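Right, one structure below, let's go through it.
The values are calculated or read from the model by the stated rules, or taken from the named source; none is laboratory data. These numbers come from a predicted model, not from an experiment. Quick reminder, even Gly has a Cβ in these numbers, built from the backbone with ideal geometry, and neighbours come from all protein chains shown.
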Amino acid sequence: MYDVIVVGGGNAACAAAVSAKENGAKRVLLLEKAPRDQRGGNTHFSGAIFRFVFNEIEQLDRFIPGAEAEFPGFHKGVPQYPKAAFLEDLMRVTEGRTDPELSKILIDASYDTTCWMQQVGKHEFELARSVMGIKVGNEYKWPRGAIVRTVHEGVGLSSTWFKTVEGMGIDIQYEAHVLELTQSTSGRVNGVVVRSTKGLETLECKAVILACGGFETNPEWRTRYLGQEWGHAKVRGSNFNYGDGLKMALDVGAMPWGHWGGCHATPIVAEAPDYGVRKLTDKTNRLSYPYGVMINAEGKRWVNEGEDFNAFTYAKFGGLILKQTGGKVCQIFDSKVVDMLEPRYKTSEPLRSDTLEGLVKQLPVDQEQALKTLNEYNQAAGHGKDFNPAILDGLHTEGIEPAKSNWAQKLDTPPYLCWTVTGGITFTFGGVKINKEAQIISTGWKPIEGLYAAGEMVGGLFHYNYPLGTGLMSGAVFGRIAGRAAAQS
Ligand SMILES: Cc1cc2nc3c(=O)[nH]c(=O)nc-3n(C[C@H](O)[C@H](O)[C@H](O)COP(=O)(O)OP(=O)(O)OC[C@H]3O[C@@H](n4cnc5c(N)ncnc54)[C@H](O)[C@@H]3O)c2cc1C
């Protein structure tokens, strides 16, 4: 008999298991469906950037003590990130729909939980320079809120979690595919049915924490909830997240919550494999589109590439790309911005030419229209202030639709480059409803005794879109809460 069984092997599950143990649960078991060499879910593939609140810049020093020495002026240059700013970002990108109770818990606990990850989780952090640092001349500028990641990104995050879990004497079973929950006659969840190398068995416990991801890997559920175009979507991360935990929870009466028709999906290189590759992790992302233009198969621009910083648009643009003909678009840049492209662009070869005509002739699009679009864009671009990638610079187009509202420089400096991209799904937004103790709520609006959820399984926080660095923060915050509550239940 276990005190707490945690289902899953990602960030949320590990945080929950560690918290349960820390809060007095004697026998804790973590059940991971994947074999040991494929453990860790999406967490392993992640860029491991955490978005959290800090009121004084010195609050970052404990995570990145060398930053001021490495980047003189760092302390002065980093914008503070108070609770109100985090809430504003979350509200803006979710069109005001983020769950008020859960978002408050997430935001209020974000800094303290990151400290807990460092102290109890034994994680080491660093500046996420390659992805979040914006080079202006010889200086780096930093966007607000999400600039710190764990060392060795998701690979480090996942391996450190497992080391900590093992070090605390928590049992781990790999290749442990949890199929269903068991309940006592009172309705309390009191165990799980698991299929493992030992066969089918029922394991008993006092409380179960479900932290086994969304349904992004499941083509049937993707088609059912997200729509036809998602049937063939490439999966950026783990190939084990089929919505198993959601199904188990719904089967015992859990309330579906949040945006079941929504997901996080990003522009990734068109040749990316069908599932995430463990060595490549998140390197298929192509997120520097605010500095260029994006052309679809009809040869037209179809979106405002400079609507906001990419940290606030990348998670919805993947889905918009999938809706374009063929599910692919061309990202086009000139050589003025080449040094500003994320280093990840170097992991695949672009098409190149010294003229826009020459570039367009190589593109898998309506070439006549594409050249017309690029020429029209060049005539319309360059209005407003000076180009400044560190701020919403207001350098905009005039007289074309869709407009580009920031960073709209002309494409006028050869060579010109093109990367073809598609939309890759990261995780789904639909989940189950939980309360402030991370207890799963039933469709009767009452907590299901003995049952908790954390991570991607939690519904309500994200709708339509997502601010970069919030998924892992949510998993850590609600994993920690679930572990504590389950241990004390
Ligand atoms: C390429 C990429 C980059 C990302 N970058 C960032 C980033 O920089 N910052 C950020 O905040 N977020 C990022 N994310 C999102 C982030 O990774 C997820 O939000 C987070 O990892 C979710 O954690 P989780 O524990 O809920 O799920 P996961 O980490 O996906 O873990 C789910 C676990 O459940 C297991 N499982 C599934 N079904 C069962 C079952 N039936 N029985 C037992 N186990 C089961 C899986 O094997 C897996 O171990 C990124 C994601 C990807 C794919």
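Just a few scattered comments:
- Test: Arg92 is charged (D, E, K, R), part of a loop (DSSP other than H, G, I, E, B) and more than 9 Å from the ligand (Cβ to nearest atom): no
- Positions within the stretch 1-60 being near the ligand (Cβ under 7 Å from one of its atoms) and among the aromatic types (Phe, Trp, Tyr), in sequence order: Phe45, Phe50
So that you can scan it fast, the table gives a plain yes or no per residue for (1) within 30 Å of His232 (Cβ to Cβ); (2) near the ligand (Cβ under 9 Å from one of its atoms); (3) in contact with a helix residue (DSSP H, G or I) (Cβ under 7 Å, 6 or more places away or on another chain):
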| site | (1), (2), (3) |
| --- | --- |
| Lys433 | no, no, no |
| Gln439 | no, no, yes |
| Tyr452 | no, no, yes |
| Gly459 | yes, no, no |
| Leu472 | yes, yes, yes |
| Gly483 | no, no, yes |
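- Out of Val235, Val252, Val208, Val193, one residue alone is within 27 Å of Gly483 (Cβ to Cβ), buried (at least 20 other Cβ atoms within 10 Å of the Cβ) and either touching a Gly at 6+ places or on another chain (Cβ under 6 Å) or touching a residue at least 12 places away in the same chain (Cβ under 8 Å) (or both). It is Val208.
- Of the criteria (1) surrounded by fewer than 20 Cβ atoms within 10 Å (Cβ to Cβ); (2) touching a residue at least 12 places away in the same chain (Cβ under 8 Å); (3) over 23 Å from the mean Cα position of the chain (by Cα), which one Ala67 fails: (1)
This table checks each residue for (1) loosely packed, with under 15 Cβ neighbours inside 10 Å; (2) more than 24 Å from Gly191 (Cα to Cα).
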| residue | (1), (2) |
| --- | --- |
| Asn375 | yes, yes |
| Asp393 | no, yes |
| Gln409 | no, yes |
| Leu451 | no, no |
| Tyr464 | no, yes |
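- When we screen Glu456, Glu449, Glu437 for residues that are of a type in the set (Asp, Glu), part of a helix (DSSP H, G or I) and assigned by TED's automatic domain parsing to the domain that holds Cys115, the only hit is Glu456.
- Number of residues in the stretch 1-53 that are of a type in the set (D, E, K, R) and either assigned to a loop (DSSP other than H, G, I, E, B) or closer than 18 Å to Glu153 by Cα (or both): the value is 7.
- Extreme residue, surrounded by the most Cβ atoms within 10 Å (Cβ to Cβ), among residues of the stretch 319-366 that are charged (D, E, K, R) and more than 30 Å from the chain's Cα centre (by Cα): Asp366
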